[in-house]
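Below is one structure, written out as structure tokens; comments come after it.
Values quoted throughout were computed directly from the atomic coordinates according to the rules given, and no laboratory measurement underlies them. Computed from a predicted model, the values in this text were never measured in an experiment. Using ideal geometry, Cβ is built from the backbone for each residue, glycine included, and neighbour counts are taken over all protein chains shown.
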Amino acid sequence: MIRIIKGTYGLRRGNKVEAMIPGTEPFSLSPEREKELVNQGTAEYVAEPEKAAQENTDIPEEPEQHPEEKPLDNKNDRKKRK
């Protein structure tokens, strides 16, 4: 699976050709074509989404917000701080 990092690649999907540019979703081609685009500097290899999610298990999750917690940015808190 690759992602375009420079230029534009015309990806054929059915009867249409989609312009794949930097910022578009990763896609798959034949291994030979992917290698060619990577070697040209047009694309980079990326992990498949399912594999990437499994590999990133050491990333900490965001803490849960509890309803009893109040943001510090309300007007009453500002008055108390002054």
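Could you check the simple spin-label distance between V46 and K6, using points 7 Å along Cα→Cβ, in nm with one decimal?
1.8 nm
Amide H to amide H under 5 Å from A43: which residues, 5+ apart in sequence or cross-chain, H placed 1.01 Å off N in plane?
Distant-sequence amide H within range of A43: I5, V38.
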